[in-house]
1. What is the number of the single condition among (1) out of contact with any Pro (no Cβ under 8 Å at 6 or more places or on another chain); (2) among the aromatic types (Phe, Trp, Tyr); (3) in a strand (DSSP E or B) that PHE481 does not meet?
2. Tell me the strands (runs of 3 or more DSSP E) entirely within the range 486-584 that contain at least 1 residues that are within 29 Å of ALA55 (Cβ to Cβ) and of a type in the set (Asp, Glu).
3. Among the listed residues THR424, THR428, which satisfies the condition of being touching a His at 6+ places or on another chain (Cβ under 9 Å), open to solvent by 10 Å² or more (accessible area, probe 1.4 Å) and over 14 Å from LEU377 (Cβ atoms)?
4. Filter the range 71-85 down to the residues that are touching a strand residue (DSSP E or B) at 6+ places or on another chain (Cβ under 6 Å) and in contact (Cβ under 8 Å) with a residue 60 or more places away in the chain, then identify the one that is nearest to ASN112 (Cα to Cα).
5. State whether the residues of the range 387-396 include one that is more than 28 Å from ILE39 (Cα to Cα) and touching a strand residue (DSSP E or B) at 6+ places or on another chain (Cβ under 6 Å).
6. Kindly indicate whether ASN133 is closer than 18 Å to GLY79 by Cβ, modelled with pLDDT of 95 or more and open to solvent by 50 Å² or more (accessible area, probe 1.4 Å).
7. Given the condition under 23 Å from TYR71 (Cβ atoms) and either in contact (Cβ under 8 Å) with a residue 12 or more places away in the chain or not in a strand (DSSP E or B) (or both), answer yes or no: does some residue in the range 260-272 qualify?
8. Is there a residue in the range 288-297 that is touching a Ser or Thr at 6+ places or on another chain (Cβ under 9 Å) and in a loop (DSSP other than H, G, I, E, B)?
Amino acid sequence: MHRWRSKKAVAICAAVVAIALIGGGAALMLQSNDRTPEIAADYAGHGGTFKNALADIDTPDPSVVYKDGYYYMTFTHNGADVMVMKSRTLDFRGAERKVVWYPPVDTMYSANLWAPEIQFIRGNWYIYFAADNGLNDNHRMYALEADTDDPMGSWTFRGQIADETNKWAIDGLALELDDKLYFVWSGWEGDVNIAQNTYIAPMSDPLTIQGPRVLLSKPDLDWERAGGPPYINEGQAILKKNGRTFLFYSGAGSWTPFYSVGMLTLEPGADPLVPENWKKSEQPLLAMNDEAGVYGPGHNSFTTSPDGSEDWIVYHATSGISDGWNNRKARAQKVLWSEDGMPSFGPALSLDTAIEAPSGSGVFRAEHAAVDGGGMLTFDGIPSSVETTAPLLVHYVNETGASVAAALSANGAAAGELGLPPTTPGATGYAYAGVPLREGANAIGIAAGGDGWRVVAIELPRYEAENASAEGGAVAETNPFATGWGVAKLPAGAEAAAIRIANVRVPVSGTYRVTAYVANATGSAASVRLRANGGGAVAIDVPAGERSRFAPVAAELKLAAGVNELVLEGASAALAVDAIDITR
């Protein structure tokens, strides 16, 4: 009952704001109070930050692909089946999950399903995985092929992926290079578990190896041999940039905190079947970071930001030096590129680090929405952990010369209309509204457009406080009544304590309403200060309430087009902050 009352209170309070917005809309291009508002030419969404891990369940050996508006992840799911998760963002906490394939019993591939690798190759989806009959010596590579273009649909088992030696094999994936296909995997030289090597072989198609295997790398460096024997090269992953091909792998025992990510480099035009063409880096590019509490970072894959401008590494790690194979969860950080075109990652980041979200995150584009017969765009798969009303920012073009009204819906129910004033030729307009969300997955609908106007994209400019930097005694913690996975807590009277929300992006400069959802269970009224970009602080009164009952408190602040930073500080009483919304 308490949780229901808490959620309902948030929804009702937020809906008051939302109803006002829906009536006439808030269009930035034409209704700014600034005489000459600055427009962010490179606006790629509201930005924000996230924190590792990417999911609340163990997700060892993560393989992540971004395609057509969604991230898909598969991973070692207890070694029993193949699961795929689907998410609008790189945060998979609220993702759709589905076991897409169960192995039949009493076969050579019925047990110990390891490290499935999801790939979109030549117009089809494939999942490569290792399995055995209960005996590790019998591990071999196998493949599934999707029956449709939907990775959450049905899959068909396509058999073993084997070279002529048919030796022990795991962690396989396909490499597409210069219109040719190759299979890369980790295997034994013989039939005894002494070392795992990196092999490559040519393929005639995504399901068939056609040619002998070639040894590319043995675990011969000191760091690769930590924890052995056996000595390890495994968890291969491909990254390509400016003609170069980088083959990453994990070395050292996966059961140790020394598990790390190494790299082989192939120059443009070089034959990948010639071992000497691959240059091995002497030191790992990602390794244990004891100071940050990151152990055994490895078995990675690569994906892109939603707008395609960034590369991201996704890997698993643990938070305990003795965790071994337990508590391995997917984490992500941005790939850094040097002037000479070489990748790096920096140190493995702690679970407390606020990481700038991939560019374009949270921008749901019209081409990635379903269109019904009535001309409504439907954006599905939008998660919420509680019932709430969220801010909605619509990107649109309106060259009709007059305002138009775009119908809104939420989960199939009408949610009012949003006014879209005219835009100048070639310009994008931005309009704010509010939209009710239920607990679980949501579908937001908006009219696609008409003669002379169209909706380009939508986003929900909400910033979860638990994903911000908590400083000076402030802490983030889980909370089942919050809109995300938790809250950030500010202690009473600690001047140094702050919640710092970086990478807050708006498309147009001007005055914005910043609404924080704050719980004050102290029994008396309190206050907190809010500032933007190091400017003067605005004191906000926080009424007395109940634990985990988050009341909206708001202030108007000037924000610059592009990147901003918001800080909540100076709490006069102990407060818990759920989220911060930006509206116009």
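The values are calculated or read from the model by the stated rules, or taken from the named source; none is laboratory data. Remember, predicted model here, so these are calculated numbers, not experimental data. Positions of Cβ are backbone-derived with ideal geometry, glycine not excepted, and every protein chain shown enters the neighbour counts. These accessible areas exclude ligands, DNA and RNA; they are computed on the full protein's heavy atoms, side chains included. Shrake-Rupley method; radii C 1.70, N 1.55, O 1.52, S 1.80 Å.
1. (3) is the only condition that PHE481 fails.
2. 562-569, 575-583
3. Of THR424, THR428, the one residue that is touching a His at 6+ places or on another chain (Cβ under 9 Å), open to solvent by 10 Å² or more (accessible area, probe 1.4 Å) and over 14 Å from LEU377 (Cβ atoms) is THR428.
4. Looking at the filtered set, the residue picked out is VAL82.
5. yes
6. yes
7. Within the range 260-272, one or more residues are under 23 Å from TYR71 (Cβ atoms) and either in contact (Cβ under 8 Å) with a residue 12 or more places away in the chain or not in a strand (DSSP E or B) (or both).
8. Yes, some residue in the range 288-297 is touching a Ser or Thr at 6+ places or on another chain (Cβ under 9 Å) and in a loop (DSSP other than H, G, I, E, B).
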